[in-house]
Amino acid sequence: MEPEKIKEFLDSLAAWDAEDDKWVESSITFFSDNIEKTDSEFVASLLREKKKGAGSLVEVMKEYAYKGSPAAQVAIGALMLEGKGIEKNTHEAVFWLKRACIGKNPNAGLLLSNMYANGLGVCESLIKARQYMQASADLGVSRAQYHYAVMLLDQAWGPVDEEEALRYMKMAAHNDYSQAIDFLKENGLFGLGD
């Protein structure tokens, strides 16, 4: 899942009309489709709190982040990166995103990789960016599989490994990631040994 989808969801949560059952259903679908390690209590509590209109959703996210929910850790980390509904704090955002990555949340590695690649709130490190991208790629995120394969082909990101790059590129293509499919077709590798 792309980090933009997390942001879209958090924005929609803030604008949500508590009587909108369609939104609740789409939220449940969002979590089941995109965040494999979601703590179901976190999601239920978040939706209940929003429906009541009481309390702070950020407080619910913090509570479940401390309880170890990788989904809550990604959510609170993403909010802290932007300072949305909470004080902007990139240092603490990195802390929560790393915890979520350890908890095997597939989105945490994507966010951390982007931060390290661009030096956003952390010292720029292409090696760390590559490691975090691999973490998401290994959890089956097709976008991460593609970008990790590209990183494996570029010496700037660390040692080049063409065999491993092809393996990840094929995984991304197998997961219908269009850029990976295009790459394999352009290089005459599509359909070989799949």
Handout entry: Residues located in the stretch 133-182, provided they are over 21 Å from Pro70 (Cβ atoms) and small (Gly, Ala, Ser)
Key = Ala149, Ala156, Gly158, Ala165, Ala172, Ala173, Ser178, Ala180
Practice task
Report the residue count in the stretch 48-66 for those that are closer than 27 Å to Tyr116 by Cβ and surrounded by fewer than 15 Cβ atoms within 10 Å (Cβ to Cβ).
Solution key: 1
Practice task
Tell me, yes or no, whether the stretch 105-125 has at least one residue that is in contact (Cβ under 8 Å) with a residue 60 or more places away in the chain, buried (at least 17 other Cβ atoms within 10 Å of the Cβ) and touching a Lys or Arg at 6+ places or on another chain (Cβ under 6 Å).
Solution key: yes
Problem - All positions within the stretch 77-104 that are more than 12 Å from the chain's Cα centre (by Cα), touching a residue at least 24 places away in the same chain (Cβ under 8 Å) and buried (at least 20 other Cβ atoms within 10 Å of the Cβ) - result: Leu79, Leu81, Ala93, Val94, Trp96, Arg99
Handout entry: Criterion (crowded, with 20+ Cβ neighbours inside 10 Å, touching a Leu at 6+ places or on another chain (Cβ under 7 Å) and modelled with pLDDT of 60 or more) met by exactly one of Val43, Val74
Key = Val74
Problem - Qualifying residue in the stretch 61-70 (condition: closer than 23 Å to His147 by Cα and under 14 Å from the mean Cα position of the chain (by Cα)) - result: yes
Exercise for the section: Please find, among Val150, Val160, the residue that is in a loop (DSSP other than H, G, I, E, B) and either assigned by the TED database to the domain that holds Ala75 or more than 30 Å from Ile86 (Cα to Cα) (or both). Expected result: Val160
Completion exercise
Those helices (runs of 4 or more DSSP H) completely within the stretch 52-145 that have 3 or more residues that are basic (Lys, Arg) are none
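The values are calculated or read from the model by the stated rules, or taken from the named source; none is laboratory data. Just so it is clear, the structure is predicted and the values come from calculations on it, not from any experiment. Glycine gets a Cβ as well: all are built from the backbone with ideal geometry, and neighbour counts include every protein chain shown.
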